[in-house]
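Heads up, the thing below is written out as structure tokens.
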Amino acid sequence: MIRRFAVTVAVLTTVAALAASASAQTLPNIVEPAQPVLKAEATITGNIVRVGDLVENAGIIANVAIFRAPDLGQTGTVPAEAVVEAVRAHALIGLNTAGIGEVVVTRDSRAIPVAEIEQSVARALSVRFNLGDVKDIAVNFERDPRVIYVEPSAKGDPRVARIAYDKRSGRFDAMLEIPTGAANRGILRLNGHAAVTTDVVMVSHNIERGVLIKNADLVVERRPRAQVGHDIVADRAHAVGLVARSSLQPGQPLRSAQLMKAELVQRTETVTLVYQVPGITLTVRGKAIEGGAEGDVISVLNEQSKRTVQGVIVGPGRVVISTGSPRLAANLPPSSGN
């Protein structure tokens, strides 16, 4: 009797074990939901902050709005305690703040820089009032505009819808359409002054008369074209290598009349006179009565004939006397071979 009971218990135990094993294989695994964790920072699109923006694994309440977003392009912070309190009201329990004290929240945006607004106004002035190249138009606003932040979905550039311009005073009054959203545009009114400018070359320090001008002596600024006149030097290359005809001061536009070629012949300097006649080239010593640069016509005393002649400076201490007749050869001393 006792033996039969023991066998029965053993059989029942084995059957129970097999049943438990089969049950474990057929029942689906139950996965616990991931713990919600606070984010250290978030970038928001739109004007509402939702639970899912600040909390990982927020589950079914991820789209619930809890805070107002910062202004476009701006960044703010939300204390961790405020987030915990806000999500508790929506039955999110056990939020892990991960040691974070506050969440940095940035409102996503597209920036329209001031330079882009200036270009829009300059372009309109160039086209509508024939002011020339856009790059030469300087725009100055009475109230400096700031960078404009619009929704990331905003397409297109600022566009001048209306503009008035007084050529005499340079004053303008403009109305711009600014893209603010996927299909929306806002209005921005601006006024100020605009002028056509040009490059102006100036010296960076005092330069005395006769000093050779080097590239390092020059600076270039843009000035209103109406204020500088037409005799200004607009390119460094047109001044480098020349000398000051008079003293030059910084801050003043450099003018062509203030520059001259470097003197290759000094007054009273001994020079070589080169006589060129058809088929003959003769040289003789002379003394410069006046100084000059390359290409200048100066008076020179022929030391052999004691006559004053005029010639063209062609190099340092060298003056060419050209004539179509060989008669000037009589002024030269006899050749030593004769």
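Out of all the residues in segment 130-172, which are in contact with a Phe, Trp or Tyr (Cβ under 8 Å, 6 or more places away or on another chain) and among the charged types (D, E, K, R)? Result: Asp166, Lys167, Arg171.
Matching residues to (1) in contact with a Ser or Thr (Cβ under 6 Å, 6 or more places away or on another chain); (2) β-branched (Val, Ile, Thr); (3) assigned by TED's automatic domain parsing to the domain that holds Val127; (4) free of Cβ contacts under 8 Å to residues at least 40 places away in the same chain:
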position: Asp144; (1), (2), (3), (4): no, no, yes, yes
position: Glu151; (1), (2), (3), (4): no, no, yes, no
position: Met175; (1), (2), (3), (4): no, no, yes, yes
position: Ala182; (1), (2), (3), (4): yes, no, yes, yes
position: Val203; (1), (2), (3), (4): no, yes, no, no
position: Pro224; (1), (2), (3), (4): yes, no, no, no
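When segment 167-186 is limited to residues that are basic (Lys, Arg) and modelled with pLDDT under 95, the one that is farthest from Glu151 (Cα to Cα) turns out to be Arg168. When the residues of segment 197-217 are filtered to those that are acidic (Asp, Glu) and over 30 Å from Leu125 (Cβ atoms), the one that is surrounded by the fewest Cβ atoms within 10 Å (Cβ to Cβ) is Glu208. Of all residues in segment 64-73, those satisfying the criterion of being over 11 Å from His90 (Cβ atoms), without any contact (Cβ under 8 Å) to a residue 40 or more places away in the chain and in a loop (DSSP other than H, G, I, E, B) are Ala69, Pro70.
The values are calculated or read from the model by the stated rules, or taken from the named source; none is laboratory data. The shown structure was predicted, so the numbers you read here are calculated from the model rather than taken from an experiment. Neighbour counts are summed over all protein chains in view; Cβ atoms, including those assigned to glycine, are modelled from backbone coordinates with ideal geometry.
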